[in-house]
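Below is one structure; the comments refer to it alone.
Just so it is clear, none of the values below were taken in a lab; they were calculated from the coordinates. This is a predicted model, so every value here is computed, not measured. Cβ: placed from backbone, ideal geometry, glycine included. Neighbour counts: every protein chain shown.
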Ligand code: HEM
Ligand SMILES: CC(C)=CCC/C(C)=C/CC/C(C)=C/COP(=O)(O)OP(=O)(O)O
């Protein structure tokens, strides 16, 4: 995380053109103060370089001297450490000569390479960790916090003898659950970040309302079709066996009509913005409902990686809603969500491994095992953190974004390392919630940074 902080500080320094503010080396020509923020960023970047460099040397020396460390881990650490003086030399050259591209880009890429090397070595080192370090309790399988549903008899039996108002509320709640409301806040935040990056302070209330309204309807349609298409498998899994269609609370025909109505309404709302937003919204509904739910999820272990495109689409919708085209910031944001998705979902796949096996889904832990899944979570997390710096570098995001991605990134990384040590369901749930906290904080920082700073 020290190296990651350096990469983020470096990206911030580059965006703030700190090289001009501190063109002497190794120290700056004047002492930085809070009233010289650019000079301060350059100065802090250099001080952190020294501290992190010492930590990196200590880490590699400890690894090379310790028994039981795999050769590939030692080799990767040594090669990564060898890059460190090269990185310092490039940085010094840029600072002293004010060199323009491609050297600053080489400096950013080398920094990312050092981070990637360290996290790869970490993933390989943690992978063989067989016995859990602490026998913490295996967690509860937290079901959806949704009301206990009716049994096979469906709504009619359950509602026998209750008043019309209670009946209406019960059925309305069942339809609401079809829309997968618990996912909406983060998916809407993705679309909001896409809009904010594209428009900045010029963002209009109309665009926000129409985009989020259309998005909520699209997610509702997707969730409804997902419930319809998975109703038989939902019955076989503990986590989903209480869902409205699996328990016959809502007839399939009614759910299909509901989903179609939501889909039509969604496209109608998006068309009030522009055709591209409507096309992307329809594509998202079709991709998630058909490609992911019907084709990918039941058939391939890569269902989550490829399916991640579903969640990335709201970023493109937000960008397209503002500019009428898909811009580079929107694509970079979509890329961030894409690589974040496996680091998000694989934790649940671990926690619900037996459940998914019962459902017959080829999820990563079922097909490749838990250790491989944990390794993939760490590697996708590393890719997520690097994607966040790519996004910052392409969109001149500032200190708020830098703070969010480094602090919540550190928390997320720590929960994933604890998951390797503990190997329990509660550790998996903790990492899952950390994934949502990380993305939520980073997206909120993007919105605030783009609109208000
Ligand atoms: C292929 C992609 C994805 C898969 C397979 C996946 C899987 C899941 C599953 C199985 C749940 C638990 C749902 C439940 O038990 O009710 C869940 C919850 C959630 N997902 Fe994902 N997800 C994916 C992508 C996304 C994306 C792109 C986002 C948002 C950007 C997202 C945000 C959430 C949120 C906010 C929750 C609810 C967390 C909570 O209950 O506190 N997911 N996800
Ligand atoms: C704008 C728009 C329509 C975007 C679509 C994006 C979208 C709905 C992403 C959610 C992805 C998700 C939660 C998949 C879980 O489905 P699952 O079937 O694996 O989860 P389950 O097992 O809980 O049903």
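Helix 37-65 axis versus longest C-alpha principal axis of the chain: approximately 90°, rounded to the nearest ten. Kirkwood analysis of the Cα pair distances in segment 1-48 returns a hydrodynamic radius of 10.5 Å. In percent, rounded to a whole number, the relative contact order of the chain is 18, using alpha-carbon pairs under 8 Å and six or more apart.
log10 I(q)/I(0), Debye, Cα-only the chain, no solvent, q = 0.07, 0.12, 0.14 Å⁻¹? Relative scattering, expressed as log10 I(q)/I(0), comes to -0.41, -1.07, -1.32. When 125, 344 are arranged by Cβ crowding within 10 Å, least crowded first, meaning fewest neighbours, the order is 125, 344. The mean sequence separation of alpha-carbon pairs under 8 Å and at least six residues apart, normalised by the residue count of segment 176-310, gives a relative contact order of 25 percent. Measuring nothing but how far apart in sequence close Cα pairs (under 8 Å, 6+ apart) lie, relative to its length, segment 2-126 scores a relative contact order of 33 percent. Put a dot 7 Å past the Cα of residue 173, heading toward its Cβ, do the same for residue 204, and the two dots end up 4.1 nm apart.
Tell me, what is the FRET efficiency for residue 78 and residue 99 to the nearest 0.05, using R0 = 30 angstrom and their Cβ-Cβ distance as r? Can you show the working numbers first?
On the way: r = 29 Å, r/R0 = 0.95.
Given R0 = 30 Å and the Cβ-Cβ separation, E is 0.55.
Could you let me know the centre-to-centre spacing of segment 247-302 and segment 388-453, using Cα atoms, in angstrom? Taking the Cα centre of segment 388-453 as reference, the centre of segment 247-302 is 29 Å away. Of 422, 232, 127, the sequence from fewest to most neighbouring Cβ atoms within 10 angstrom is 232, 127, 422. Coordinate range of the alpha-carbon atoms in segment 1-91 per principal axis, descending: 50, 19, 19 Å. Seen against the Cα atoms of the chain and their longest principal axis, helix 205-229 is set at about 60 degrees. Residue separation of residue 433 and residue 354 scaled by 0.36 nm, minus their Cα-Cα distance, works out to 26.4 nm of gained length. Label point of residue 57 set 7 angstrom out along Cα-Cβ; within segment 73-92, amide nitrogens under 20 Å from it belong to 74-92. Each part reduced to its alpha carbon centroid, segment 165-195 and segment 36-53 end up 45 Å apart. Taking label positions 7 Å along the Cα-Cβ direction at both residue 34 and residue 328, the computed distance is 3.5 nm, reported to one decimal.
Among 59-71, 436-448, 303-315, what's the highest-first ranking by average C-beta atoms within 10 angstrom per residue? Please report the intermediate quantities before stating the final value.
Values: 59-71: 12.2, 436-448: 20.8, 303-315: 23.5.
Per-residue Cβ counts within 10 Å, averaged per peptide and sorted highest first, yield 303-315, 436-448, 59-71.
The fewest-to-most ranking of 169, 353 by surrounding Cβ atoms within 10 Å reads 169, 353. Using the alpha-carbon atoms, what tilt in degrees (0 to 90, nearest 10) does helix 275-286 show relative to the longest principal axis of the chain? That helix lies at roughly 70 degrees to the long axis.
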